[in-house]
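Presented below is the structure to which this report refers.
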Amino acid sequence: MKKKIEKINFLLIKHFGIPPRPKKLPSPLDTIIGTILSQNTNDKNSYKAYRNLKDNFGNWVKLAELKSNQIEKYIKVAGLGKQKSKAIYELLQSLKQKRKVISLDHIKTKNDEEILDELTLYKGVGAKTASCVLLFSLGRNICPVDTHVHRTLNRIGIVKTKNPEKTFYGILNKIPEGVAHSFHTNLIRLGREICKPAKPHCSVCPLQKVCVYDQKNLLDKIKHQKIDFMLLDNL
């Protein structure tokens, strides 16, 4: 699997380029909140909601003083306001009660497995959100799996799984060293721009020759829409 992932990563970089990374990585708590806000919406709307929180409160300690319905007012643009505000509220309250500090910086010294185990104990934090912390805040060689990554990896033939979480554990520890960020980010771009759920643009796909998907749409010559803004690299 590692060799195939390495080849796919090479082809994706050849097509999309190497995704840029910020010089200063966001804190683990920044990434968790950003990931919660990103659920079922586009990156631009979730970024607006994230900036609403940052610009109005400056830090998460002040936000922890608010009730769930008060948080909701600031994140409506990201959709699912009640659900997301409750998840953020419960996370901050759990940290206040269990850790006595509104921070997750203590996880920086732990290994990947310990971090996954700890973070997924919080309500609303699943494997995908926890793995985003590992990749985007801690720079670990972990590939988070959302619906785009799940779909593309199954179509390409890297895995044969029924949901994103099973895909995540299917590729865990099988990512060649140092490629997780480019692999993850470019797979999302592939899924958003080319390998769409319905009528994928297979004729312009850089992985066409290595993909085993048996329902390729090779007739569609429409130029795909380029997407540059990626939320978690812009927190």
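The values are calculated or read from the model by the stated rules, or taken from the named source; none is laboratory data. Fair warning: this is a prediction, and the values are worked out from it, not measured in the lab. Backbone-built Cβ (ideal geometry, glycine too); neighbour counts: all protein chains shown. Just the protein is used for accessible areas: all its heavy atoms, side chains included, with ligands, DNA and RNA removed. Shrake-Rupley method; radii C 1.70, N 1.55, O 1.52, S 1.80 Å.
Numbers below:
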{"item": "Chain lengthening between ASP117 and GLU177 when straightened (0.36 nm per residue, less Cα-Cα)", "result": "19.4 nm"}
{"item": "Theoretical gain in end-to-end length, LYS226 to LYS14 [0.36 nm per residue, Cα-Cα removed]", "result": "74.8 nm"}
{"item": "Accessible carbon and sulfur surface of the chain relative to its total accessible area, %, 1.4 Å", "result": "51 percent"}
{"item": "Mean ellipticity per residue at 222 nm, deg cm²/dmol - from DSSP H runs of n ≥ 4 across the chain, formula -39500 (n - 2.57)", "result": "-15000 deg cm²/dmol"}
{"item": "Rounded FRET efficiency, nearest 0.05, which uses the C-beta distance separating GLU6 from ARG99 and R0 of 41 Å", "result": "0.60"}
{"item": "For the chain, convex hull of alpha carbons as volume per residue, Å³", "result": "122 Å³"}
{"item": "Spherically averaged projected area of the stretch 61-112 from its Cα convex hull (nm²)", "result": "4.4 nm²"}
{"item": "Loop-located GluC sites (Glu not before Pro) in the stretch 28-90 whose Cβ has at most 13 other Cβ within 10 Å (DSSP)", "result": "GLU65"}
{"item": "Binned Cα-Cα distances of the stretch 111-207, short to long, each 5 Å bin given as a whole percent", "result": "2, 14, 24, 24, 18, 11, 5, 2, 0"}
{"item": "FRET E, pair LYS73, ASN234, Förster distance 22 Å, beta-carbon r, rounded to 0.05", "result": "0.45"}
{"item": "Whichever aspartates and glutamates have a C-alpha closer than 13 Å to that of LYS24, once near sequence neighbours (fewer than 8 apart) are set aside", "result": "ASP233"}
{"item": "Rule-of-thumb Rg ratio for the stretch 1-59 [Cα; 2.2 N^0.38 Å; N residues]", "result": "1.53"}
{"item": "With all protein chains modelled, accessible area of LEU53 [1.4 Å, Å²]", "result": "0 Å²"}
{"item": "With Cα atoms, 0 to 90° folded angle of helix 147-156 axis to the chain main axis", "result": "20 degrees"}
{"item": "Long pairs among LYS54/LYS96; LYS48/LYS84; LYS44/LYS84; LYS162/LYS199; LYS3/LYS199; LYS108/LYS162, criterion Cα-Cα beyond 26 Å", "result": "LYS3/LYS199; LYS108/LYS162"}
{"item": "Efficiency of FRET from Cβ geometry, LYS199 and ASN141, R₀ 30 Å, rounded to 0.05", "result": "0.35"}
{"item": "Length gained when the stretch LYS108-ASN56 is fully extended (0.36 nm per residue, less Cα-Cα span)", "result": "16.0 nm"}
{"item": "For the stretch 1-157: accessible area per residue (Å², 1.4 Å)", "result": "50 Å²"}
{"item": "Rel. contact order, % - alpha carbon contacts under 8 angstrom, at least six apart, the stretch 1-136", "result": "26 percent"}
